[in-house]
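Report on the structure given below.
Just so you know, all these numbers are worked out from the coordinates, no wet-lab data involved. Since the structure is predicted, the reported quantities are computational estimates derived from the model, not experimental observations. Positions of Cβ are backbone-derived with ideal geometry, glycine not excepted, and every protein chain shown enters the neighbour counts.
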Amino acid sequence: MQTIGLGYDSHRFADDGELKLGGVKVPHNCGLLGHSDADALLHAVTDAILGAAGHDDIGELFPDTDPQYRDTDSSVFVAKALEVAAGEGLSVVNCDVTVLAQTPKLSGAKQQIKARLAELLSIPPERVAVKAKTNEFMGFVGRSEGIAVVAAVMLSDTPGP
């Protein structure tokens, strides 16, 4: 059996802080605003894994009203989602991510993000795609108010090659 999950997340820019996407520090003049580390990319991947496993979203497992998740590294959320999937007998086949950001430009960080995602998901880097798009100056992304991420993950009950 193979299943596909789709995840989405967005966060506003904060006045300061460091920007993390996919567990990688990305050079920028500010970070993202959120309860945890606000890594929108890992949040979208977490939701995609949970969706493919037939479970609720990240907010059900890690509510932003729970103080224990304040400033949590989002790789913890990915690890928990993988545990949930493994409990269903499923593992990750591939991951496809699109980051919507007018700023910063991500060309210098995409390979690092890809490598980190492959590590977190325990799959080869060639099964991870990381793309970056601007929003052509439209909407909150286009006005550089924040970042949005869409992620798709395929899970399978058969181990891949």
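Along the Cα-to-C-beta direction of GLU119, a point sits 7 Å from the Cα; which residues of segment 70-85 have their amide N less than 18 Å from that point?
Zone members listed by number: 73-80, 82.
Return the long-range amide H neighbours of SER74 (sequence gap of 5 or more, or a different chain), with a cut-off of under 5 Å between placed amide H atoms.
ASP37, ASP39
Greater than 21 Å separation of Cα atoms is the criterion. Which listed pairs, LYS20/LYS105; LYS80/LYS110; LYS20/LYS110; LYS80/LYS133, meet it?
Long pairs (Cα-Cα over 21 Å): LYS80/LYS110; LYS80/LYS133.
For segment 7-150, what is the convex hull (Cα atoms) projected area averaged across all directions, in square nanometres?
So the mean shadow area of the Cα hull is 8.1 nm².
Using θ = phi - 60° and the Karplus relation 6.51 cos²θ - 1.76 cosθ + 1.60, list the HN-Hα couplings for segment 75-84 in order, rounded to whole Hz, with x at every Gly or Pro.
Values, residue by residue: 5, 5, 5, 4, 4, 5, 4, 5, 4, 4 Hz.
So who's got an amide H within less than 5 Å of the one on ALA129, skipping anything under 5 residues away but keeping other chains? H placed 1.01 Å off N, in plane.
CYS95, ASP96, VAL97
Which FRET efficiency value, to the nearest 0.05, is calculated for ARG12 and GLU83 with the Förster distance at 30 angstrom and r the Cβ-Cβ distance?
In this case the efficiency is close to 0.50.
What order do you get for 35-48, 84-97 when each peptide is scored by the mean count of other beta carbon atoms within 10 Å, highest first?
Highest-to-lowest ranking by the protection proxy: 35-48, 84-97.
Can you list the residues, at least 5 places off or on another chain, whose amide H is less than 5 Å from the amide H of GLY22, using H built in the peptide plane?
Hits under the 5 Å cutoff: LEU41, LEU42.
Take every DSSP beta bridge whose two residues both sit in the chain, then give the antiparallel share in percent to the nearest 5.
80
Using only DSSP helix segments of four residues or longer, with each worth -39500 (n - 2.57), what per-residue ellipticity at 222 nm results for the chain after dividing by its residue count and rounding to 500?
Roughly -8000 deg cm²/dmol at 222 nm, from the helical runs in the chain.
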